1. In the chain, with Lys and Arg counted as +1 and Asp and Glu as -1 at Cβ, which of these residues, N191, G14, G346, has the Cα nearest the positive end of the dipole, that is, farthest along it?
2. If you take every residue apart from P102 with its C-beta less than 15 Å away from the C-beta of P102, what net charge results, scoring Lys and Arg +1 and Asp and Glu -1?
3. With an 8 Å cut-off on Cα pairs and a minimum separation of 6 or more residues, tell me the relative contact order of the chain in percent.
4. Which of the listed residues, M48, S555, V85, is farthest toward the dipole's positive end in the chain, when Lys, Arg count +1 and Asp, Glu count -1 at the beta-carbon?
5. How many Å² of accessible area per residue for region 1-120, probe 1.4 Å?
6. How much area per residue is accessible in region 512-560 when the probe is 1.4 Å and only protein heavy atoms are counted (Å²)?
7. So what is the calculated 222 nm ellipticity per residue for the chain, using -39500 (n - 2.57) for each DSSP H run with n of 4 or more, over all residues, to the nearest 500 deg cm²/dmol?
8. How large is the accessible surface per residue of region 230-337, computed with a 1.4 Å probe and reported in Å² as a whole number?
Amino acid sequence: MRPFKISSPFEPAGDQGQAIDLISRGLERGDSYQTLKGVTGSGKTFTMAKIIERVQRPTLVISHNKTLAAQLYREFKSFFPGNAVEYFVSYYDYYQPEAYVPARDLFIEKDCSINDEIDRLRLAATFSLMERRDVIVVSTVSCIYGLGLPESYRDLRLHYEKGKVYDIEKIKRDLVSLQYSRNDAILDRSNFRVRGDVLEVYPSYMQAVYKIEFDWDTISRIRRIDALTGETIEELDETTIYPAKHFVVPDDAIPKALERIQAELDLRLRELHSQGKLIEEERLKTRTTYDMEMLKEIGYCPGIENYSAPIANRKKGEPPATLLHYFPEDFITFIDESHVTVSQIGAMYEGDRSRKQNLVDFGFRLPCALDNRPLKFEEFEKMIKQTVFVSATPRQEEIEKSTQVVEQVIRPTGLLDPLVEVRTSVGQMEDIYKEVLARINRNERCLLLTLTKKMAEDLSDYLTGLGLKAKYIHSEVETIERVEILKGLREGEFDILIGINLLREGIDLPEVSFIAILDADKIGFLRSTTSLIQIIGRAARNSNGTVIMYADRESPAMKEAIEETARRRKIQDEYNKAHGITPSTISKSIRNILERRQEEKKEEAEIETRVLKETFDVNNISSRNSLIKALEKQMKDHAENLEYEAAAAIRDEIQKIKSMK
């Protein structure tokens, strides 16, 4: 096994060392649950990384949304460049699940758009778990949803060795059975092609191609080559190819599965008939019979996941295989922002079941569709043997489960928790105007927190009318636009950002020194103790951080949040004085993920263009026109994926070719 090894110029600072030592010892002695209670900006991710390096065990890190998961993935990737750090989230860019609304007699067909790159990353995660132990998977709650059986995924893999004799025709059939498609013209992900005595396979989980050369029936050479340039990356003596998808079944499993589906269909049709539901009976018979015919003829049907239980021969109510089942027995789990993530995991099962129950009751699906589901919370708990909850505000249930709660309140930068004041809501607009002007004069930024979208928009208009540069952000603002707005705030394009609750966990804005919380005394989720502490933490990355709560009274949640912030600030201040530390505002690059991705895509586009140009004869008019068409298709694909830098690079190349005589 390759050991986990951190590559970082930093060493543990503040109370990170103590947290690493205590939690590592807890894992080594077998503690089931522990809590890392770390304040914002205290380096919790670095602490998790050092713990992984210490205990040397495969690790699952769960986050409650894709954005935070992506942030954690990048950080762990930079900490462990020599190990397998993988990303496992929902691969849908758009997803409308199958549903039926009885009140309107409305059936909604499943509609979705799959992100090809995320699909590759998901498959890369399971591939790494099959091949090695030095694996860290950063995941959302997608990890508790049904996935293909790990036994099938592992047992159906194909293994080839240099110098051994193979039947090339059988290899082709085997690849097709693993859901690879043959395409001798264009080699894309999940495809293979045969040219003479050379077989090229583009695995679904890699960014490289296996090139296998034969001398008659004997493999004479195996290489891993660059998918775009064809340059050799590595010479191999052997290689293993895993299925192109997670849901794969042996050829002999389909007939048995069809028998089980037919038996369940017969039983359900009798039930519906006895209840006088003749329309539902006929509907279910028609739909299921069609699906069975598809399965029999081509081994697949739309909505095949609804038959996953009979295909896998699971008993009624038995949990499906998930990503968790791909991990070895001794893996450890970190649940990041556990105060949100744990609740989200617990809510997934009921939400999924309520939708599918209507489909079953009204004859759109067999009851086995209910077993294509996320894990129940108790099933999830049985799968995770050792867990560390990570949060600045862990819930009481998490604390009670834990054998130890390890606090990490000292920031490596020496920054203190912000000062917190309570001011009356009478005249709050004038007061906010005065406070934000003071920050603007110091080239600092401000966040204003409202309770409603309408108020955020109205407040933005009001401040803009006073000559200030302000913008709002809420759930109706598109994801890409949100990223650009946050970037604009950091760069000083505007000074004030107004939002609701999207500014709490994981938003890294060191330029923000002032936060105003309006209606701070209102009772509810947005003004709970946990929410207020998370909001206050957004000002903890600036040495001038200040939070003002505008309220007519001091609610119990406000009182607890203020007391907790003051307690932490006192500990941090005493530590700084004892060690001669002067707090300093975090300095962090403003270059965002979109820019990096655009640059990467631009480089890829330039390589694609070069490879295509080598394929066509630009001196031949017909060949040149074919090249232009191919490039235009690539340009449109990049533009549709919002990869404008890449599209522009190809556009410029097209113009050069068109200008040729």
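The values are calculated or read from the model by the stated rules, or taken from the named source; none is laboratory data. Only a predicted model underlies this, so the values are computations on that prediction, with no experimental measurement involved. Every residue, glycine among them, receives a Cβ derived from its backbone with ideal geometry; neighbour counts consider all protein chains shown. The area values use the complete protein model at the heavy-atom level, side chains included, leaving out ligands, DNA and RNA. Shrake-Rupley method; radii C 1.70, N 1.55, O 1.52, S 1.80 Å.
1. Going by the Cα projections, it comes out as G14.
2. Details: positive: R104, K277, R283, R355, K356, R365; negative: E98, D105, E280, D361.
So the surrounding residues net to +2.
3. Values: 1144 pairs, mean separation 93.9, N = 661.
So the answer I get is 14 percent.
4. S555
5. Numbers: 5340 Å² over 120 residues.
I get 44 Å² per residue for region 1-120.
6. Details: 1500 Å² over 49 residues.
Using a 1.4 Å probe on heavy atoms only, each residue of region 512-560 averages 31 Å².
7. It comes out at -14000 deg cm²/dmol, rounded to the nearest 500.
8. Details: 5780 Å² over 108 residues.
Here the per-residue accessible area is 53 Å².
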